[in-house]
Every structure is written in C-alpha cells, then in structure tokens.
Amino acid sequence: MMASIAKLSLWAGYLLVLLALPQFFDSILSISIFNQMAIAIIFALSYNMLLGQGGMLSFGHAVYFGLGGFLAVHTLILIENGSVYFSIIFIPLVGGIFGLLAAIFIGSFSTRKAGTVFAMISLGIGELIAASSLIFVSFFGGEAGVSGDRTFGPLFFGVDFAQDLEIYYLAAIWVFIATVFMYLFTQTPAGRMANAVRDNPERAEFIGYSARRVRFISFCASGLFAGIAGGLFALNYEFITEENLNAATSGRVLLMAYIGGLGYFIGPIIGAVVLTLMNSLLSNYSELWLLYLGVLFLLTVMFLPRGFAGLIMMHQVAWLRGTLRRLALPYLITGIPAFIFILASIAMIELSHTDGEVFHYLGVSLERGSSIDWMLIGGIAIAAFLATRKSLQQLKDAWEDANTLPGDEDS
Amino acid sequence: MGILTLTAVHKNFGETEIIRGVSLDIEQGEKHAIIGPNGAGKSTLFHLISGLHRVTTGTITFKQNEIQNKTPYEVSRLGLTRSFQVTNIFARMNVFENVRCALLWSSGYRYSFWHLLGSQGEINDRAMEVLDQIGLKNKALFPAGELAYAQQRALELGIAIAGGAELIMLDEPVAGMSHSEASNAVDLIRRVTAGKTLIMVEHDMNIVFDLADRISVLVYGEIIASDKPENIRANSRVQEAYLGEVGSNA
Amino acid sequence: MIKIKLFSKFNSLLICTLLCLGNISQAQEPVRIAFMDPLSGTFASIGTSGLKQIQFAADYLFNSRGGILGGRMIEIVPLDNKQSPTETQLQFRRAVSEGLQIIFQGNSSAVANTLSTTISRFNRRNPGKEVLQINYSAVDPILTEDNCSFWHFRFDAHAVMKLNVLTDYIAMNKDIKSMYIIGQDYSFGHVVADTAIRLLNEKRPDIEIVGSEFHPIGQVKDFTPYVTKIVSSGADAVITGNYGADMVSLARSIIDSGLDIPIYTFYAAYDGITATLGIDGKDRIHLIHNETSNPIPTERRKEYIRAFKARNPNNDVTQPRLANALSMVVAAMEKASSTDPYDIAIALEDMRFTTLGGEEIWMRGEDHQIFQSLHVSVHTDEGIEFDADNSGFGLRSIYHVPAEETIVETSCQMRRPRR
Amino acid sequence: MLEVFIFATLNGLVTGLLLFMLASGLTLIFSMMGVLNFAHASFYMLGAYFAYSISLTMGFWLGLIFAPLIVGVLGAMVERYGLRRVHKSGHVAELVFTFGAAFLIEESIQFFWGPATKNYRSPDILDFPLFTLFGQEFSAYRGFMIFISMAIFIVLFRVLTHSRIGIIIQAAITHPHTVANLGHNVPLIFMGVFGVGTALAGLAGVIAGPVLTTFPGMAAVLGSIVFVIVVIGGLGSLAGAFIASLLIGLLQSYAIASSVGMPDLLDLLGVSFEADHPLNDLWTVTLPQIAPILPFLLLVLVLIFRPTGLLGKREE
C-alpha cells in the first residue's frame, strides 16, 4: 500500500514538473528546448523498449519516428485543405499509428533474430528508407521536406495552438501518457517476456513463448511510440524532412538511451534531457561541441556501462544505509581537481582552435601565440590530473566504507 | 501407449548420423533415465524431443500429438518442459521474475499487453509457492545471475516445473555440484516431480539408480537396452558397452 | 599574458574597443543581426567563412566609421544551424528569444525554404515581433516565385538567372556540339538540369543533350563510373550544380580520366576546392557567379579584400554579396530611421545601391529579388591578382552580363501585410 | 557499348578491391573478437589524412609506408585502452563503443585538419595513362590501386594459410571459443589483429584518398557499405568478403553505367502514367539514380533469405 502511494506520488510529481516547467522558464527559447525534450523523451523511451528491454540493437529506429512524422505532416495538410476534420491534439496518434504499421511490416521479417543480424537489418532498412526519401520527392519533399500549418484544425477549447507554449502543454500531456503506457508495458506479460527473451531467447522458448513473437510485439510497441514522438515533432515544427529518419537521427537516439542508461526505465529520460540541453546550449558556446559529445559518449561507454541512471542507482545502497553523507567530502576532494582538469583541457582545445589571437575563457583572456599562457594552462591541467588520480584512492576507500555492511568487513 | 513415444527416430548432421533409429515408449508417471557414454547422442535426443532440432526421419508423439515438427514453444505449450546442461536462466531478471515468467503461458496470459502483472495476485502467489518449493524464497528479489551455482540450478528446476508440465526433462541436473549439493538437488527433484513424468540424462550412476524407475542405455545413437535398474545392472551388453568403464570410476 | 577582462564574448570586446576609439561618450544599444549558417559539422567551412566575411563587412564598413543610425554598432550574432532544416527551427527560436529580428542565411535552399515558411508563419501569428530573412546565397527560384514572401529578400541571382547567362556563354562557343548534365538528386540539381536543357534547346537547338544524370547527394564514393558514361557519350562539355565534396570528386574524376572538356559549375571555387583542383582544373572549370574575382574593377574593393586578407589570412572574400546585402540593409535602416523589420522591408523594396565594385544593383520590389551583373569565370593561375585558398589559382572573369540583361519575369504574387 | 562495359568492369574492380581491403580487416577483427568494428571506415579516413600530411613534406611513397603503420598503432591502442575495457559489458557495448569511436574520430579529424577538402594527390610518377581504349584513359594510378589490392589479398591469403599466426586466426574463425583455451596470449593476439585490421583500413585510405577525395565525410560514405559487404559475404568469411566486395563493386558500377529504369520497364509492359500521378517518382526512377542504395537492398534481401550471408557459417 505504502509502495503504491509512493509510486503514485512519483507519477504525480512527474506530471506536475512537466506542467510547471514553463512557469519558471518562459522564454521562447526555453519553451522550444522543452518541446525538444518532450519529443526526445518519448523517442528515447521507445528506443529503450527495443534495446534496453528487448535486447534488440537498432541502427534504424529513426525510420518509425520519421515515417510517423511525415504522415502527421501530411495529415496537417489534409486538415488545412479541409479534406479531414479533427482536432490537431490527435496528430501524435496519427504518427503513432503509422509508426506502428511500419513496424508491423518491417518487424514481420526483421525480428527473427536479435543480435548482429537484427542490427544489420535495421541498418540496411534505415539506409534504404533514408535514401529512398530523397528519391521519392512527392511524399517526402526531398531535402526541404514537407510542411503543414497546425492552426487550421478546429479549436480545442478555444486554443488554436499558434504558439509554441500551447504546443508545450499538449506535448507535456502526450509525454505523460506515453511514459505511463510505456512503463505499464514493462509490467505486462509481454513486457516481462521481452526481458526474458533479451536475457535468454532459447530458454524463453521452453516456457512456451516464441522469441520471435515476443520481439515482434516489443518492436511494434516501440514503433508506435517512436511514431507518436514523430507526430509530436511534426506538430511542434510544422514540418519534417528526411534528416528526421536518417542514420544520424537513429544514432542520436542510441546515444541518448545509452548515455542515460539502458537498464533503467528512467535512464532514457535522463539521456534525452542531458543531450537536448547539450545540443541547444553547448553548441552556442563552442563549434567543437560535437567533439565534446563524442568524448562524453566514449567515456560513458567505457566507465559507466549503465549510464547516468546507473551512476545514480549505484548510490542506492549507501542511501538506504544512510551513509551517503560520508561520500560527500571524498567526492568533493576528487571532483574539484577533476573539474579543473576538464576546464583546463577545454581551454587548451579551444585555444588551439580559436580563430583570433586572443581567446576569452571564464573571464580570462588567453593569447594563442603566448607560450606562457600555454604552459600555464598545461601546467594546471597536469597538476589537476595528478591530483585527481591521487585522490581516487581515498574515494574508493570511502565508497567501500559507505557500501559495506558493518558485518561483512572481513568477508 | 505411454505419454511419450519415439518411433524409429533418426537424426543426421550432414553426413554423420547421430541418432540411428531410436524407439522409446515412456509411461505416464514414470521416472526414466537415459545413460550412455559421451557422444552417444543423449543431449541430441533431448533436443529432438523438445523441438530444438528437427528429426531427420521418424515420429515423436507426446500425449497423442505428433511433435517432431513442432517448435520448442509449441512443444512446451503441450506440457513438456526441460532444463539444460549448462545453466540457462534469465540472468538479468530477479529470481521471482524468472519463475513468474515461467508461469505466464500456462496461466493463460499468452502475449497479453493489457494485464498488469503486479495486480495479478494469483500468479504472484503461485510464483512464491514455487520459490518456496525450491528454497529460494528469501532470494526472490536477487538478480538471478548473481546466485550461487547450486541455487541457479535450483532456479532452473523451478523454471522448468513452474508451468505445471506433465513431462519434465532434466539434462544432467546435478553436474558440477558438490556431494552435499547433489544430494539436496536429488531430494528437490524427487519432491517437485512427484506425480509427474520425468526423463533425465545423468552421469552419476548413484543418482540414476536412486531416482529412476527405468533406464535406457544409449550408445552411438542406438538404445541397446531399456529396462528396470536392476536388470540394466545385470545386462552384459550394457556392462560391456558402458557400465563397466563408467561403473569403475563412479 | 593573461589579462582579466569584464567581457567574455569577443564581440563585446571588439565593440568596446571601437566605442572607445570612436570617442562616443554614451554607449548605445547595438543593432544585433543574426547570421545563421553551418558553423560546425560537414559544411562548417562554408559557414565560418561567411561569418568572417559578414563580421568583417560590419566592422570595416560601419563600426569602424562610427556605427549606424547615429552611432549604434552592428553586432553579428552567429547561430549554428548545421545546415539542417531541423536545427534551423531551433536556432530560429533562439533568435526570436534573444530579440533578433534580422536573420542572414545563405547555405542550402532547403534551409532557406523552411526558414521562409517558418518566418511567414511566425510573423502572421506574432504581429509586432516580425523577423526579416536576408537570403544571401540560396538560389532555388521558388523563393522569389511561387513561394515568395514579403519577409524574404534574396541578394543572389537565382539558378534560372545564372543558367540564362551560362547558356548564353555556352551558346557562343561553336565547338560545343553536345552537352552532358550531371547533378545531385535534389531540387536544385533538378532545377539546373531542367532549365539548362530548356535554355540550350532555345538558344542552340543543334547542341545535343547526350546525357542527364542524377546521383544521390553525398553518397557517391567514386565518380569514375559516371565519368565513363560522360566519355562514352562523346560530350563536348559538362554542366553540374554539384557543391562540396561531390563537386571536387566529380571534377577530379573527369580530370583523371584524361577528358579535356570544359566543366560549367556553380560552386567549384574557394573553401579548399580551388586548392584541391589546382593545376588540373586550369582553364577547364568555369563558374557562373556575381561580382568579378579578377580583375577587380575598383580600388575600393581591392582595398576591402586586402584588409580582409590582413585580418583573415586563411580565408577569402568568397561572397562579396554579403557586404552588399549588409550595406543595403543598413541603407534601408538609415532611410527608414528604424530597425523594425517592416520598415526595413518597405525601404529595401526597389532600392538601388552602388556596390564597392562601382556597380548599381537593384532590389525588385515585386518579388524581392536582386539584380546585378553576372559573370562567367575560369579557374586559372594567369592574371590572378586575388587568388583563392592561397593557392595561386583563382577565378578570372571572361564573360560579363550587365544587371539589366539578367532581369527575368516572376510568378510571385506577394501577400503584403497591412500596417 | 562495349567500351562502357569494359570500363564499368574495370571501375567495379577498382572499387571492389578497395572495398575488400577494408572488408578483410573488418572480417579479421570480427572473426577473432566477435566485434563488428563500426569505426573501421574511420581508420580508413585516418589513413588518408595521415598520408596527406606526410606527403606534404616527405612525399607520397613514405606516406604509403608510414600512414598505415601509424593507423595500426592507433588501432591497437584503441583496442588496448578502450575496447578491452568495454569487452566485459558484452557485445552490444562493444558495438556501441566502436560507434562512438567512429563519431569521435570524425570530429577529431575536423578538429585537427579542418572541415575543408584536402588536396591529397597521387604521385607524379603515376600521373600518366596506363592505356587508352576507345579514347578513354585508364590512369596508371588506378592500375596501381588494383596492383596493391591484389598484392594485399595474396599476402593475406598466404599468411592465413601458411603461418602459425594465420592458423590460429583460421582456427578462431571456425572455433572462436577454443582458441582461448590453447594457451595463446589472447589479449595480445586481439590487440595485434585489431592493429593489423585497422592498418589495412589505413592502407586502403592511403591509396584511395587521392582518387576518392580526402574530406571528413569520406568515412561515412564508405562505412556502411563495408558493413554490408561483411554481412552479405557471411560474417567471418574472408572468401565471402572477397566475393561480396567484387559483387558490390561491379553491381554499382554496372548500375551506373546502364541507363535503364522504370520508364523502360513500363514501355515494355505497355503501361503509362500521367506525369502528375502520385507515384510519379517511382515511375521515373532509373537504375543509375538508385545505384548507391542497391547494396542496402541486397543486404536486406540477403539477411531475410539467408541470414548467414553467402559463405557464412556463424550467425553471431
């Protein structure tokens, strides 16, 4: 009983945060970032249904997102022409249904095997559809894409969705609904068997389930939600192009889900939020942000195989035991030099890449030609690196200390 | 006619014939052991019965259904379950989920995505019962992959029996266990298969003679004898082909 | 040396210095103009080169001379759209969020199209907060024809105008009896192919079109198979609208095959392409563009280029029209004494303006299309005063068409907002 | 027509052999380590860029020697300090790691060399037509490309069939799990194979750079095609990779050389459509237009009907 109340309040909190965000950040830019996040969250969660829950590594998930989006835009055009008549709040559903149909068709032959074979089929289909989208211009609109106006449908309680803020509230509702349903899916027999098939498809067959059928169901569900995300994209930007179904978009959703943490339901949400923020904020400050993103991604794969969510969940034991506080100081001792090291490294990278002779960084002007400047930041970087390395041991000890039960020290 | 009948089953892998005309009839409720030297084809026979491999020729009948062309999941749905030589569980799920998944099909949930398992009291209770039976109740929320070896084997047995199958096939259920673990496992097997039909492959002759009602000896893809334990022990062909060598080091 | 500065953005530093130099006692709000083009990713070299040019134009032409509108500085705000229509949407919202109302954008007609649609919608829904699009380089004719918009001004000749001049030039060459057209499989590539065929049929019916081929953008590893087809077709010349790596690979394959025929292009110069083509492209690569590269007609423009090179030794003034566009926008602001997009747009319509090159150009009010002289140039190292990529090679203009002869009809039926 | 056919064949051969040089390294790595190296084409790109930089001061030929070595050492380091750490998290993590590595290498190349196209040129000594046929020249450099690729193929084949390490590798191709039990220094072999595989990719980059243009997108253009080849050929099969490389090289070359398309097919069937038909794009599509996507079509078909590929034995 307590558990379910806790769970319900968690969901209520989620909804509240979603709806309250624009109260605190109300610029057009932040609304635009929130809309982006909303789309990314649904998309990344749907990707996690495939990879995290079902063990299917896809390099072509954007296909369902994009196809859903294209159908959604074409529906907007139909509404504008007066061919169909319904409120645009249902547009994401249109995208979802088309994503589902596409997934049913492609899943019918691609889900026979998981692993490398599935990954390669997904790659092939992704490339095929992305390339075809540039050839079949009448539907995909070539590289300029297709565009539709969202304000022509019947008013929804007097709202015509001309402003991004209105779309945000609609998106927030859709994100909430989609998140709830995707979470509930994990609690159903089909969702549980997806985990079982991921872990051991052979064994799953001997408890009565066709691994292929189980994968197929996850695949379709994932296509449905990817399509919903695509429909939401169409509503938000009122256009869609082939770049929304190509390999780069597929790669980005993989990045999101992976950095966030595949094993956890909340992981992709974290990933979507972090990457969206990086994309929209970091790219303003540095042309090299993709380089930093690549480094971040590789470091995550290497050192945090369970992503950011995994990093957070690692602290569960210490949290439950009430020893989390003991970690604060050690984290600070390692964190400060590590942070300085990162800042100094970035300074060196940016300085070597700057166009002018002078580079302004954190209130300091660095000169590109000055070897003193170079030696100074280089020295700071090396010192900070050594300090970080040296402090790692105390962090490890503190970690052991916080995570070991008093009884099993000697075991 | 018994619960499971094999008639002139052959299996070729390319040129080589692994199973060379096996016929076998297993009665309802029987505890049947298949023994034989390494490479005799015991595991292949298991794979054929459970649908993992297709037979080359011959028929396999389970409860009046011909199953030689059926897939593992179709066979499994008819009430035939098996374990594996190498531990085969759902490693990243917890122990409780492992057992509950095994219960799903027989409880009629099929591929449902409209039932929420958390609110299905009956299946959760039954999963706990099974956990109780196999002695893993206190490990219910443990990730299965982190259990000790013997516990993983017990869990595998739990998965195998959870679906309420009538015929249970165990492939070397105590391999790799210590003496005490093995005897615990035998007790467990006896308990959970009470009233059901059991077919097992096992190398440990003490356990075979302890558990089985009837023993078939498989040598080079053929059954050279199928009889009560005491008769098998006395059979000269079996001794010559197999028991002699194994018996000495068993 | 490390110096502590109050300003973190280098723009602000620059403006500060200039303000102090100009002895303006009270600091006025700068006029902020967005420059939206790819500044990272595959197309970054073109975008960053454009950014340097517009920044230089703002500083050299206006800020160093006391600013505009009675002492206000121009601040160029770079926005990186990665040449992606999606990213353009995000950057547009950023621009609006930061109160930027004039957006310079040039690369990719796809981006220009979506930006134009987005701006039209936004301006209709948000009266009083309008945004103006200054298109300095996207040449899809549709932008000033069927999809023309009151809020969009184009400062480059569109593809049909350019092809008109190019085919005139080709028509004069009696040696050319057959033509091969190859292009990227997207709207601009198709416009080039369709228009070139139509115009050549009109002007030189005897020229046989021996092939018209489309290949996917950025997907072709090796152009040799295409070149084999060109060779076996017996073509005397090639027209292509390719850009970027597709342009270089195609030209290199043609040269490698030993095929000695002229190649007529739109984008085969600068940003590494001239250096890559080098001696192999000499006298073969022809380019249709506005404003001559060599010889430069006026001393003022020569000075401008030298000053630019002094500040950006690794870049070239690849797009003189950026300076034209900025100058005309400023002139419109001065004329209207306002930075309001509507007022600027009205002032820009039918404006005539004399460029650094001493030529009068005209912004037609009917469709917001610029008219200026167009030139066909050849890639060479002879008679090159201003080379490209510091390679010694550059463009020498060999055929000129004055502005009034480039004027074409438009199908634009502009919807004008009421004030 | 004959000339088109002959040149299409030669072009297909050049592309096919070049693809094989990449695919062979990828296959070696996959056979030994079970890792499909997504970053393989990125090492090819690195090869071209290193060779370009070396050729600026020391000439093409030293670049041909040193660039692949540098790439190989870099590859070995990626294995040693990156991939090995990820290995324990499973195959998906490894695949994702190489995916990330590809991303990072492309960004790094833009960082160090800039985004513009590089003027990497073939050596002057090979700057003459090898032969002229029907008025078309076949450049000596292309002949050189064929020569190098064939030489690599023969050397690789000899090493695999006649040397000790080759026999171990062969064993690994068919019995991946047993090699570890033979007492060989498996981590060292892994590192070596990864180094050699990436060096091969680097070599391909060195010789392809002058012809296929050295620019930051060159890996992306080739990357997925190489994947397609190893999968179509059959994962882990060198012979399969060889056949598939040539198949794809020739297929694309012939498709481009042809000029047939849907309009011809419709003519043949006596069907015609209005120009404003909603599927007009489909009715006007031609073979050269879709040539670059043919490999992917082939990939999907092969995977559906023969998941093990042409000559493959292992699925995973």
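Restricting to the stretch C:184-205, what's the tally of residues that are free of Cβ contacts under 8 Å to residues at least 12 places away in the same chain and assigned to a helix (DSSP H, G or I)? Walk me through how you get there before you give the answer.
Here is the first cut: in the stretch C:184-205, the residues free of Cβ contacts under 8 Å to residues at least 12 places away in the same chain are C:194, C:198, C:201-202, C:205.
Within this subset, residues satisfying the condition of being assigned to a helix (DSSP H, G or I) are C:194, C:198, C:201-202.
The total comes to 4.
Of everything in the stretch B:136-157 that's in contact with a Gly (Cβ under 9 Å, 6 or more places away or on another chain) and in contact (Cβ under 8 Å) with a residue 40 or more places away in the chain, which residue is nearest to residue A:196 (Cα to Cα)?
B:152
Considering the stretch A:346-385 alone, what residues qualify as being open to solvent by 40 Å² or more (accessible area, probe 1.4 Å), in a loop (DSSP other than H, G, I, E, B) and within 11 Å of chain C (Cβ to nearest Cβ)?
A:355, A:357, A:362, A:369 - these are the residues of the stretch A:346-385 that are open to solvent by 40 Å² or more (accessible area, probe 1.4 Å), in a loop (DSSP other than H, G, I, E, B) and within 11 Å of chain C (Cβ to nearest Cβ).
For the stretch C:134-159, give me the residue count where each residue is assigned to a helix (DSSP H, G or I) and either among the charged types (D, E, K, R) or surrounded by fewer than 22 Cβ atoms within 10 Å (Cβ to Cβ) (or both).
Residues that pass the stated criteria total 1.
Looking at the stretch D:215-242, I want the residues that are within 14 Å of chain C (Cβ to nearest Cβ) and have a partner that is of a type in the set (Lys, Arg) with Cβ atoms under 7 Å, at least 6 apart or on another chain. Which pairs are those?
So the pair list comes out as D:215/D:118; D:221/C:221; D:222/C:221.
Name the single residue that is farthest from residue C:386 (Cα to Cα) among those in the stretch C:260-276 being facing another protein chain (nearest Cβ under 8 Å) and either crowded, with 22+ Cβ neighbours inside 10 Å or modelled with pLDDT under 85 (or both). Show your work before the answer.
Applying the first criterion (facing another protein chain (nearest Cβ under 8 Å)) to the stretch C:260-276 yields C:271-273, C:275-276.
Narrowing further to those that are either crowded, with 22+ Cβ neighbours inside 10 Å or modelled with pLDDT under 85 (or both): C:271-273, C:276.
Numbers: C:271: 14, C:272: 15, C:273: 15, C:276: 17 Å.
By that ranking, first place goes to C:276.
Per-residue answers, yes or no, for (1) in contact (Cβ under 8 Å) with a residue 12 or more places away in the chain; (2) acidic (Asp, Glu); (3) open to solvent by 10 Å² or more (accessible area, probe 1.4 Å); (4) part of a strand (DSSP E or B):
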site	(1), (2), (3), (4)
B:191	yes, no, yes, no
B:198	yes, no, no, yes
B:203	yes, no, yes, no
B:210	yes, yes, yes, no
B:223	yes, no, yes, yes
B:230	no, yes, yes, no
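Looking for whichever is in a helix (DSSP H, G or I), farther than 23 Å from residue C:405 by Cα, open to solvent by less than 30 Å² (accessible area, probe 1.4 Å) and more than 9 Å from chain D (Cβ to nearest Cβ) here; the options are C:170, C:181, C:230. Which one fits?
C:230
Being among the acidic types (Asp, Glu), open to solvent by 70 Å² or more (accessible area, probe 1.4 Å) and in a helix (DSSP H, G or I) is the filter here; which residues of the stretch D:257-316 pass it?
Passing the criteria: D:264, D:267.
Does any residue in the stretch C:93-106 that is within 19 Å of residue C:38 (Cβ to Cβ) and without any contact (Cβ under 8 Å) to a residue 40 or more places away in the chain come within less than 6 Å, Cβ to Cβ, of a residue that is open to solvent by less than 40 Å² (accessible area, probe 1.4 Å) and in a helix (DSSP H, G or I) six or more places away or on a different chain, and which pairs are these?
C:93/A:29; C:93/A:32; C:94/A:29
Restricted to the stretch D:132-177, and to residues that are modelled with pLDDT under 85 and within 11 Å of chain C (Cβ to nearest Cβ), which residue is surrounded by the most Cβ atoms within 10 Å (Cβ to Cβ)?
So, considering only residues that are modelled with pLDDT under 85 and within 11 Å of chain C (Cβ to nearest Cβ), the one surrounded by the most Cβ atoms within 10 Å (Cβ to Cβ) is D:138.
Give A:251, A:310, A:335 a once-over and let me know the one that is outside any loop (DSSP other than H, G, I, E, B), touching a Gly at 6+ places or on another chain (Cβ under 6 Å) and not basic (Lys, Arg).
Every option except A:310 fails the conditions.
Looking only at the stretch A:290-345, filter to residues that are of a type in the set (Gly, Ala, Ser) and touching a residue at least 12 places away in the same chain (Cβ under 8 Å); which one of those is surrounded by the most Cβ atoms within 10 Å (Cβ to Cβ)?
Filtering first and then ranking leaves A:307.
Tell me, yes or no, whether the stretch B:61-71 has at least one residue that is at the interface with another protein chain (Cβ under 10 Å from one of its Cβ atoms) and either of a type in the set (A, V, I, L, M, F, W, C) or closer than 27 Å to residue B:175 by Cβ (or both).
Yes: the stretch B:61-71 contains one or more residues that are at the interface with another protein chain (Cβ under 10 Å from one of its Cβ atoms) and either of a type in the set (A, V, I, L, M, F, W, C) or closer than 27 Å to residue B:175 by Cβ (or both).
Could you list, in sequence order, all residues of the stretch A:54-78 that are assigned to a helix (DSSP H, G or I) and within 13 Å of another protein chain (Cβ to nearest Cβ)? Spell out how you get there, then give the answer.
Looking only at the stretch A:54-78, we keep the residues that are assigned to a helix (DSSP H, G or I), and these are A:62-78.
Of everything in the stretch A:54-78, those that are assigned to a helix (DSSP H, G or I) and within 13 Å of another protein chain (Cβ to nearest Cβ) turn out to be A:62, A:63, A:65, A:66, A:69, A:73, A:74, A:76, A:77.
Quick check on the stretch C:206-226. Is at least one of its residues of a type outside the set (A, V, I, L, M), closer than 30 Å to residue A:162 by Cα and assigned to a helix (DSSP H, G or I)? Show your work before the answer.
Going residue by residue through the stretch C:206-226, those that are of a type outside the set (A, V, I, L, M) are C:206, C:208, C:211-216, C:218-219, C:221-226.
Filter again for closer than 30 Å to residue A:162 by Cα, leaving none.
No; the residues of the stretch C:206-226 include none that is of a type outside the set (A, V, I, L, M), closer than 30 Å to residue A:162 by Cα and assigned to a helix (DSSP H, G or I).
For the stretch A:268-304, which residues satisfy the criterion of being of a type in the set (Gly, Ala, Ser) and within 14 Å of chain D (Cβ to nearest Cβ)?
Scanning the stretch A:268-304 gives A:271, A:283, A:286, A:294.
Would you mind finding the one in C:336, C:269 that is touching a strand residue (DSSP E or B) at 6+ places or on another chain (Cβ under 6 Å) and small (Gly, Ala, Ser)? Explain how you work it out, then say what you get.
On the way: C:336 fails: touching a strand residue (DSSP E or B) at 6+ places or on another chain (Cβ under 6 Å).
Sole residue among the options that is touching a strand residue (DSSP E or B) at 6+ places or on another chain (Cβ under 6 Å) and small (Gly, Ala, Ser): C:269.
Can residue C:234 be described as touching a residue at least 40 places away in the same chain (Cβ under 8 Å) and either assigned by TED's automatic domain parsing to the domain that holds residue C:49 or over 25 Å from the mean Cα position of the chain (by Cα) (or both)?
Yes, satisfied.
Just the residues that are of a type in the set (S, T, N, Q) and assigned by TED's automatic domain parsing to the domain that holds residue A:58, please, taken from the stretch A:262-308. Please lay out each step first, then the result.
Kept after step one, since they are of a type in the set (S, T, N, Q), are these residues of the stretch A:262-308: A:276, A:279-280, A:283-284, A:286, A:300.
Answer for the stretch A:262-308, where residues must be of a type in the set (S, T, N, Q) and assigned by TED's automatic domain parsing to the domain that holds residue A:58: A:276, A:279, A:280, A:283, A:284, A:286.
If you check residue A:312 against the conditions, is it β-branched (Val, Ile, Thr) and closer than 26 Å to residue A:398 by Cβ?
yes
Quickly run through the stretch A:139-176 and pick out the residues that are part of a helix (DSSP H, G or I), of a type outside the set (A, V, I, L, M, F, W, C) and over 21 Å from residue A:68 (Cα atoms).
Scanning the stretch A:139-176 gives a single hit, A:166.
With the structure loaded, tell me whether residue A:51 is surrounded by fewer than 21 Cβ atoms within 10 Å (Cβ to Cβ), in a helix (DSSP H, G or I) and at pLDDT 90 or above or whether it fails that test. Show your work before the answer.
Numbers: surrounded by fewer than 21 Cβ atoms within 10 Å (Cβ to Cβ): no; in a helix (DSSP H, G or I): yes; at pLDDT 90 or above: yes.
Judged against the criteria, residue A:51 is not a match.
Can you name every residue in the stretch A:191-226 that is in contact with a Ser or Thr (Cβ under 6 Å, 6 or more places away or on another chain), within 30 Å of residue B:80 (Cβ to Cβ) and either more than 8 Å from chain B (Cβ to nearest Cβ) or in a helix (DSSP H, G or I) (or both)?
Within the stretch A:191-226, A:194, A:212, A:215, A:216, A:219 meet the criteria.
Just to be sure before I move on: is residue A:19 within 22 Å of residue A:242 (Cα to Cα) and either in a helix (DSSP H, G or I) or open to solvent by 10 Å² or more (accessible area, probe 1.4 Å) (or both) in the structure I sent?
no
If the requirement is being within 11 Å of another protein chain (Cβ to nearest Cβ) and within 23 Å of the chain's Cα centre (by Cα), which of these qualifies: A:122, A:147, A:132?
Values: A:147 fails: within 23 Å of the chain's Cα centre (by Cα); A:132 fails: within 23 Å of the chain's Cα centre (by Cα).
A:122 is the lone residue from the list that is within 11 Å of another protein chain (Cβ to nearest Cβ) and within 23 Å of the chain's Cα centre (by Cα).
Among the numbered criteria (1) surrounded by fewer than 23 Cβ atoms within 10 Å (Cβ to Cβ); (2) over 20 Å from the mean Cα position of the chain (by Cα); (3) under 18 Å from residue D:192 (Cα atoms), which one does residue D:69 miss?
With (1) surrounded by fewer than 23 Cβ atoms within 10 Å (Cβ to Cβ); (2) over 20 Å from the mean Cα position of the chain (by Cα); (3) under 18 Å from residue D:192 (Cα atoms) applied to residue D:69, the lone miss is (2).
Just give me the residues in the stretch C:55-83 being assigned to a loop (DSSP other than H, G, I, E, B) and more than 23 Å from residue A:280 (Cβ to Cβ), in sequence order.
Correct list: C:66, C:67, C:69, C:70, C:71, C:73.
The values are calculated or read from the model by the stated rules, or taken from the named source; none is laboratory data. For clarity, every value in this text was computed on a predicted model and none was experimentally measured. When we count neighbours, we look across all protein chains shown, and the Cβ atoms used for this are built from the backbone with ideal geometry, even at glycine. Calculation scope for accessible area: heavy atoms of the full protein, side chains included, ligands and nucleic acids excluded. Shrake-Rupley method; radii C 1.70, N 1.55, O 1.52, S 1.80 Å.
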